[in-house]
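Derivation of every value follows stated rules applied to the coordinates shown; laboratory data play no part. These numbers come from a predicted model, not from an experiment. Glycine also receives a Cβ, built like all others from the backbone with ideal geometry; neighbour counts cover every protein chain displayed.
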Amino acid sequence: MKKNKILIGVISIMFAGIITLGIIECNNSNTKDNDKLFIGNGKFCQAKRLNGLGAIYDDDYIFFDCENQIYESYNYSNKKNDKKLNVNCRNSACSHNNDKCEAYVELGEYFVFNSKIYKYYNKSKVVSGENRLYGSIDEEESGKTVFKNSIPTDMSSELAIDDSEAILYVRVLSDDIVKVDGDRHAYLLDKNFNIIYCHYNIGKFPWGAILNGNYYYINDINEIVKVNLTTFESKSIASNGKAFMADNDENFIYYSNEFSELYKLSPDDESSIKIADNALFFSVQNKYIYASGGDNGNKIIYDKNGKIIADYSACVNMGADSAFQINDKIYTIFNGGVAYMDLDGKNYGEMMQ
């Protein structure tokens, strides 16, 4: 395994990213002001998702990050239950089809961290005849840039040639730590967007977790890596086959391998037990696991011990690793709309753009 690099000290550059991962982050503010983009009531929260597009929400509205990079809102407190999506733009004359629309995010998305809404995005610039993407994170309310992604200064030239300043993913790992993934590097940032840790051996999926003061991720050779965030010592955790993807709750890590077997790993003693088959792609949402990708292609809901709750294969546009929970519903954003169902797979429906 390649050696992790530790960045010490305060970095005075600015940062970007969302996750989302492992927690649901809420904003303690009350009713939003009319000059703000996201207007509703109560606390802002971020839906925990593993992959795909996501959403933020409050007591009245869900704001979906749709395929065209335009945010669409749905008033789920509306008793009419009309399941209507609306572009989250206040300009009635806007065509909603380019970056002039205020609901548009350029190659990025909004996320909730440290009780505030932030936006990460990527701007395209031509440098020495080459088109490059530069990623930043802005605070939504003030518009202040709080982080700009950069290639780590101590990265080898061999790795740096394939790296860039673009931000691919942002994942909120805890109340105090957010993860930003680039092409070849990943940063852990504190609540002030200072870099506290960096590693280069990033894998295919942007999962990360903070459990008991340790950081976990999957590296580029499909190992689950554990990093002590006090000493910054790291080690690989033995797994049953290569770890294809992973998710977690407050107590356990769940991972699938190349044989579509689903395992439950205890961070305390690092032991794993197999809980299901036919679960290559999956996500952990509250009390259930939503999985797909086995030999039969079925989509199955499991409890956290591997008991089958339901088969939701008939829910055509409902995902597994792209599913996320808001209150008593599971959602997936697909090209053209949003799919939804009850936690147990019943009452499937779709909201179209």
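How about K84: which aspartates and glutamates have a C-alpha closer than 13 Å to its C-alpha, ignoring those fewer than 8 places off in the same chain? Within the straight-line limit of under 13 Å, K84 reaches these aspartates and glutamates: E72, E350. Cross-link pairs exceeding 22 Å in C-alpha to C-alpha distance, out of K125/K191; K48/K242; K100/K125; K226/K274; K83/K119; K36/K125, comprise K125/K191; K48/K242; K83/K119; K36/K125. Going 7 Å from the Cα of D175 along its beta-carbon direction, which residues of region 221-256 have the amide nitrogen within less than 15 Å of the resulting point? No residue qualifies, since no backbone N sits under 15 Å from the label point. Taking the number of Cβ atoms within 10 Å of each Cβ as an exposure proxy, the fewest-first ranking of F63, F232 is F232, F63. Principal axis extents of the Cα atoms in the chain, from largest to smallest and rounded to whole angstrom, are 54, 52, 39. Computed from point charges on the beta carbon alone (+1 for Lys and Arg, -1 for Asp and Glu), the dipole magnitude for the chain about its Cα centre is near 240 Debye.
In the structure displayed, which of K235/K299; K264/K299; K204/K287 lie more than 24 Å apart, Cα to Cα? In this structure, K235/K299; K204/K287 lie more than 24 Å apart at Cα. Basic side chains Lys and Arg get +1 at the Cβ, acidic Asp and Glu get -1 at the Cβ, and with that the dipole of region 207-341 about its Cα centre reaches some 240 debye.
Averaged over residues, the count of other Cβ atoms within 10 Å places the peptides 109-120, 133-144 in the sequence 109-120, 133-144, highest first.
Using R0 = 51 Å, the C-beta based FRET efficiency linking T231 and K43 works out to 0.90. Multiplying the residue separation of N327 and E139 by 0.36 nm and removing their Cα-Cα distance gives an extension gain of 65.1 nm. Per-residue ellipticity at 222 nm, computed for the chain from helices alone with -39500 (n - 2.57) per DSSP H run of at least four residues, works out to 0 deg cm²/dmol. Placing unit charges on the Cβ atoms of the charged side chains and taking the dipole of the chain about its Cα centre, the candidate lying farthest along the positive direction among N192, G40, F281 is G40. Specify the inter-centroid distance of region 240-293 and region 112-186, based on alpha-carbon positions, in whole Å. A separation of 28 Å, based on Cα centres.
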